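A quick write-up on the structure given underneath.
The values are calculated or read from the model by the stated rules, or taken from the named source; none is laboratory data. Bear in mind the structure is a predicted one, so any value in this text is a computation, not a measurement. For neighbour counting, all protein chains shown are included, and Cβ atoms are generated from backbone atoms with ideal geometry for every residue, glycine included.
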Amino acid sequence: MAANVLLAAPPPFDAERVRRDFPILDTRVNGHALVYLDSAASSQRPLAVLRAVEDYETHSHANVHRGVHALSQAATAAYEGARERVRRFINARSTREIIFVRGTTEAINLVAQAWARPRLRGGDEILISALEHHANIVPWQMVCEQTGCTLKVAPINRRGELRLEEFHTLLGPRTRLVAVAHVSNALGTVLPVKGIIEAAHAHGALVLIDGAQAVPHSRLDVRALGADFYAFSGHKLYGPTGIGVLYGREELLAAMPPWQGGGDMILTVSFEKTTYNELPWKFEAGTPNMSGAVGLAAAMDYLEGLGVEAIAAHEQRLLQLATAELARLPQLEIIGTAAHKASVLSFTMKGVHPHDLGTILDAEGVAVRTGHHCAMPVMTFFGLPATARASFGCYNTERDVARLVQALGKAREVFA
Amino acid sequence: MDLKELYRDVILDHNRHPRNFGRIEAADSRADGHNPLCGDRLSVFVVLDGERVADIRFEGRGCAISTASASLMTEAVKGKDRTAIRELFDKVHALLTRPETAADGALGKLAALSGVREFPVRVKCASLCWHTLNAALEHGAATISTE
């Protein structure tokens, strides 16, 4: 019996072994072994992704959906195979719901221009949260300028959590769309998106989730979640840059006009009348990023090989360790103390500007993000020009946390 | 990469106790500077006596390099005329960007900024105040961005 229990227990997560899959982590920075704590800005890629991209470029590249020749067929198979891989990863019903885009920003802009702009008018409201990245603010401001609709912002509390009572007050019959982050990039707050989606739907509003920071840290099931649109990027998911995904419910996407015109998104073209292609290609004008899609699919294979839940549990352990360690440091303040957080740790050190902190940490080989994190309203709310932000991925270890603490000690020393 | 070269005692002192810090309500000219990369903002207030900067103050919040650079700048330019300030700016600019430049004797305490050139992403921090002063002297009120 005891043996059975042991067999049933999941294997411990071996971050040291994971590190060996990421050659860039062997880089030395300013005489130190690199400690990479900036995965929330862009994660590194494992060999499996680098090799998949190289393999595609070396053996399978030609243009897709066009030629009858062997390479064009191979490229099409690789690209459409990647779409099916994404569908399975997020549990969408159909590959017609998977639009390849450059990244989260483009995905949100697509919905803004192809769904919101033709439908909304004066009196309509778009509801976002005060935690949003600029990519989930500015496209809606543009739609407001274009249509006369109004942008509403649900506030946050001092812990960096959405104030749900105010959110529900702002949600009303005029609300046509709710657009919120799944995880705040600046603070790491996990938003209660399931409840947000249910509440929005009860008011007849649609919901777009900016999942750029969530997908690397949790299993995504778009059907269970019930989101109408869900956007994320490949390069925060251990995949290449320049590739991302817009998931949209098929009936919504089918009713939307294309947002860019060109090749691949048409069935027939004449000077009198052009008929548009079917989903998902209707939204993919021009030659797409095939190698990026292939790399993203490889990243998803890699993540499922490690176990998305196992990665999340490992990152939570690191987050708790780092939070406890940093809380002990004098004159250090953690910004964003939500009850439910992903592995993002924003902080400031009294008397040391985040930009100076970033330089000193870099001199010690520790890479963190410093600045406003493309979330200036969040910084304004906390009365800060900037913070330093450490973020943890599958390849970070307890040793990385110790090196961060040590480097922060060095900063305290320089600014003693 | 030597942090002590960047964060010299003079820099740390001027960061902790910036000189000529604050506003001049009756300024003849002011300009605002902004570094969108790090969020640094500063304003420079100038009282002119003909071609000469009779008084100068600055306020804002920024990193140690930008605060110290602004503080050192106000000390260096007070009492100087436009031409002398322009010459000084050229010397500071060369110090910040050209690796071979030996600190010019005319720079005085400003020579403490020479460590910045080893940190290219920080050059904008040190030069923001100078561009802002330049705007105040050339155009009157304006917002200067490093981007």
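General observations
- Residue count for the stretch A:390-416 satisfying the condition of being within 14 Å of another protein chain (Cβ to nearest Cβ) and either touching a Lys or Arg at 6+ places or on another chain (Cβ under 6 Å) or free of Cβ contacts under 8 Å to residues at least 40 places away in the same chain (or both): 2.
- Of all residues in the stretch A:55-103, those being touching a Leu at 6+ places or on another chain (Cβ under 9 Å) and outside any loop (DSSP other than H, G, I, E, B) number 13.
- Single match in B:41, B:19, B:30 (criterion: basic (Lys, Arg), within 14 Å of another protein chain (Cβ to nearest Cβ) and on the phi < 0 side of the Ramachandran plot): B:41
- Flag for residue A:279 being hydrophobic (A, V, I, L, M, F, W, C), surrounded by fewer than 16 Cβ atoms within 10 Å (Cβ to Cβ) and within 24 Å of the chain's Cα centre (by Cα): no
- Check on residue A:139, over 17 Å from residue A:373 (Cβ atoms), part of a helix (DSSP H, G or I) and touching a residue at least 12 places away in the same chain (Cβ under 8 Å): yes
- Condition check for residue B:26: of a type in the set (Gly, Ala, Ser) and assigned to a loop (DSSP other than H, G, I, E, B): yes
- Residue in the stretch A:187-195 that is surrounded by fewer than 21 Cβ atoms within 10 Å (Cβ to Cβ), of a type in the set (D, E, K, R) and assigned to a loop (DSSP other than H, G, I, E, B) present: no
- Candidate set: the stretch B:44-79, residues that are within 21 Å of residue B:114 (Cβ to Cβ), of a type outside the set (Asp, Glu) and away from chain A (no Cβ under 11 Å); chosen: the one surrounded by the fewest Cβ atoms within 10 Å (Cβ to Cβ): B:76
- Some residue of the stretch B:76-90 being farther than 15 Å from residue B:132 by Cα and free of Cβ contacts under 8 Å to residues at least 24 places away in the same chain: yes
- Verdict on residue A:365 being in contact (Cβ under 8 Å) with a residue 60 or more places away in the chain, touching a His at 6+ places or on another chain (Cβ under 6 Å) and farther than 20 Å from residue A:181 by Cα: yes
- Whichever residue in the stretch A:13-63 is within 20 Å of residue A:403 (Cβ to Cβ), in contact with a helix residue (DSSP H, G or I) (Cβ under 7 Å, 6 or more places away or on another chain) and exposed (fewer than 14 other Cβ atoms within 10 Å of the Cβ) and, among such residues, is modelled with the highest pLDDT: A:23
- Against the conditions (1) surrounded by fewer than 21 Cβ atoms within 10 Å (Cβ to Cβ); (2) assigned to a helix (DSSP H, G or I), residue B:41 satisfies every one except (2).
- Residue A:321, sole failed condition from (1) more than 12 Å from every other protein chain (Cβ to nearest Cβ); (2) surrounded by fewer than 18 Cβ atoms within 10 Å (Cβ to Cβ); (3) farther than 21 Å from residue A:43 by Cα: (3)
- Meets criteria (out of contact with any helix residue (DSSP H, G or I) (no Cβ under 9 Å at 6 or more places or on another chain), charged (D, E, K, R) and within 30 Å of residue A:172 (Cβ to Cβ)) for residue A:272: no
- Residues of the stretch A:6-25 include none that is touching an Asp or Glu at 6+ places or on another chain (Cβ under 8 Å), without any contact (Cβ under 8 Å) to a residue 12 or more places away in the chain and of a type in the set (D, E, K, R).
- The combined condition, being under 26 Å from residue A:132 (Cβ atoms) and of a type in the set (Val, Ile, Thr), is not fulfilled by residue A:366.
- Residues that are in contact with a helix residue (DSSP H, G or I) (Cβ under 9 Å, 6 or more places away or on another chain) and within 11 Å of chain B (Cβ to nearest Cβ) within the stretch A:348-357 comprise A:351, A:352, A:353, A:355, A:356, A:357, listed in sequence order.
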